[in-house]
Structures are given as C-alpha cells and as structure tokens.
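The values are calculated or read from the model by the stated rules, or taken from the named source; none is laboratory data. Everything numeric in this text was worked out from a predicted model, so none of it was measured. With ideal geometry, Cβ positions are generated from the backbone for all residues, glycine too; neighbour counts draw on all protein chains shown. Accessible surface areas use protein heavy atoms only, side chains included; no ligands, DNA or RNA. Shrake-Rupley method; radii C 1.70, N 1.55, O 1.52, S 1.80 Å.
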Amino acid sequence: QVHLTESGGGLVQAGGSLRLSCAASGNIFNINIMGWYRQAPGKQRELVAAITRGGTTNYADSVKGRFTISRDNAKNTVYLQMNNLKPEDTAVYYCKIRVLVTDYWGQGTQVTVSS
C-alpha cells in the first residue's frame, strides 16, 4: 500500500508564494516520476510540473519561470515552490508518483490566489 501526504496549500494574494510538499510512504522501492497536477473548477486536470528520479524536470508553459519542482529521494518527498502566484493558478493541486508502472495520487490541496 502506498500513501501520499500533501501539505502547503492555502490562500495567498497575487504575487505571493507558496510551497507544496508531498511525502510518499508505504510499499515503495523506487519512485520513478513524481509530479504535481492541478484542477480548477470546470476544467480538466492538467500537469503542472514533473521530475524524474535523476532530476530531469518538465513544466507547463503557464508556470515556467515561476514554479520550481524538486525532490528528496531519501525522504520520498516532492516539493513545488510557487512564486509570483496569479489568480489563474487557483486550483486543487494533486501530487502523483509513479512506481514501476503504477500511478498513485494524493488527496489534493487547495491553492487560492486572490487578486
């Protein structure tokens, strides 16, 4: 069994910053890809950023230059540093990890950016 614990969401004014964390626990041997997705009301879930075990990163165009994804392999934890937040970043943010060929999702954390 794999469990993901997310933290760090909240309410922030436009231009502010937040840092999301997602810690994985359970039957984990080797997490390949760790990533963050988000879903705004009425929209489809979309990839925000992802990082491989070796540190290769991938970002959505809308967050490039503002968000930074990182991971601590020893702690099985992935982070998302979000700077210069905009109202359009408001969404529920979900952590996802891939272990071998299986994906696991976190429960989601709300990020609200006020204008």
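Here are a few things to note about the model shown:
- Computed with a 1.4 Å probe over protein heavy atoms only, the accessible surface of region 1-79 comes to 56 Å² per residue.
- Rounded percent of accessible protein surface that carbon and sulfur make up, the chain, 1.4 Å probe: 48 percent
- The aspartates and glutamates within cross-link reach of LYS75, meaning a Cα-to-Cα straight distance under 20 Å and a gap of 8 or more places when in the same chain, are GLU6, ASP103.
- Among the trypsin sites (Lys or Arg not before Pro) found in region 1-65, those both in a DSSP coil and sparsely packed, with 11 or fewer other Cβ atoms within 10 Å of their Cβ, are LYS43, LYS64.
- The HN-Hα couplings worked out from phi for region 93-110 by the Karplus form 6.51 cos²θ - 1.76 cosθ + 1.60 (θ = phi - 60°) are 9, 10, 8, 9, 10, 10, 10, 6, 10, 10, 9, 10, 10, x, 7, x, 9, 7 Hz, whole numbers, x standing for Gly and Pro.
- Gain in span if fully extended, ASN83 to ALA60, counting 0.36 nm per residue against the direct Cα distance: 6.8 nm
- Remark: the chain carries a charge dipole of roughly 120 debye about the Cα centre, counting +1 on each Lys and Arg Cβ and -1 on each Asp and Glu Cβ.
- Top of ALA24, ALA50, ALA74 by mean-square fluctuation, Gaussian network on the chain, Cα under 10 Å: ALA74
- Toward the positive end of the charge dipole of the chain, with +1 on the Cβ of Lys and Arg and -1 on the Cβ of Asp and Glu, the farthest Cα among VAL2, SER70, GLN81 is that of SER70.
- Within region 75-113, the trypsin sites (Lys or Arg not before Pro) that combine a DSSP coil assignment with at most 14 other C-beta atoms in a 10 angstrom radius are LYS75.
- Rounded if a/c under 1.5, otherwise prolate or oblate - region 25-77, Cα gyration tensor axes: oblate
- Loop-located chymotrypsin sites (Phe, Trp or Tyr not before Pro) in region 1-67, at most 13 other Cβ atoms within 10 Å (DSSP): PHE29
- Across every direction, the projection of the convex hull enclosing the Cα atoms of the chain has a mean area of 6.7 nm².
- Taking other residues whose beta carbon is less than 14 angstrom from the beta carbon of VAL12, and scoring Lys, Arg as +1 and Asp, Glu as -1, yields +1.
- Computed extension length for THR68-LEU11: 18.6 nm, one decimal, from 0.36 nm per residue of separation with the Cα-Cα distance subtracted.
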